[in-house]
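Heads up, the thing below is written out as structure tokens.
The values are calculated or read from the model by the stated rules, or taken from the named source; none is laboratory data. Worth saying up front: this structure is predicted, and the values here are computed from it rather than measured. We place every Cβ from the backbone using ideal geometry, glycine too, and count neighbours over all the protein chains shown. SASA here: full protein model, heavy atoms, side chains in, ligands and nucleic acids out. Shrake-Rupley method; radii C 1.70, N 1.55, O 1.52, S 1.80 Å.
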Amino acid sequence: MKLSVPKMFCCFFALVLSFSGCGTSDPDPASVVVGSQAPGFSLTSLDGLTVKSSALKGSVVVLNFWATWCQPCMGEIPELKQFAANSNAKVIGIALDQDGLKTIKPFVVSNNINYTELVGDEEVFQRFNGVGIPYTLVLDPAQRIVKIYRGPTTKEALEQDLKTIAQSNSATLYRQDALHTQD
């Protein structure tokens, strides 16, 4: 079977089109909803280290998108600080200031922020289906989204989310134990 040059070109073009958009493993931003897997990220911390989302698996994580110029974010920071000090969850702030470290690092130091801060950008914010800030996602140990807050959240609301996750994990463990005892 011999293909002509135009037919080979058409086949090649069709093959390229079929693979376009397949290069990313992150979900479409519209699929960032409660129950779905959180998108992956690799961001720089204030001390210059790279933090990958894959390193957070196994922990409950509170991801908070914010910026130093955002007034509602300023009201939320004391709540997040209290929550971080009194829970086993990992609180991760993702600052979206355009000046990056130059603006974020002095702000974090002067406000005694006691949780990890990462330097984010518009691309990662969009990947998480961000629209406005503050924007917070609560992730279970498998990095599934348990809760989404579009706007400020409170320490009490986050504590309730932890209780919900703990109850869900207990129920899952109970079901697994029941299945093993029936074997």
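Distance between the 7 Å Cα→Cβ label points at THR164 and ARG144: 1.3 nm. With K and R counted +1 and D and E -1, the other residues having a Cβ less than 15 Å from that of ASN111 yield a net charge of -2. Put a dot 7 Å past the Cα of VAL109, heading toward its Cβ, do the same for ALA85, and the two dots end up 2.1 nm apart.
Surface composition of the range 32-183: carbon and sulfur make up 53 percent of the accessible area, probe 1.4 Å.
Size descriptor for the range 38-183, Kirkwood hydrodynamic radius: 15.9 Å (Cα pairs only, one decimal). Remark: the range 25-100 carries 47 Å² of accessible area per residue (probe radius 1.4 Å; ligands, DNA and RNA excluded). Ellipsoid fit via the Cα gyration tensor, the range 34-115: semi-axes of 20, 16, 13 Å, each the root of five times an eigenvalue, largest first.
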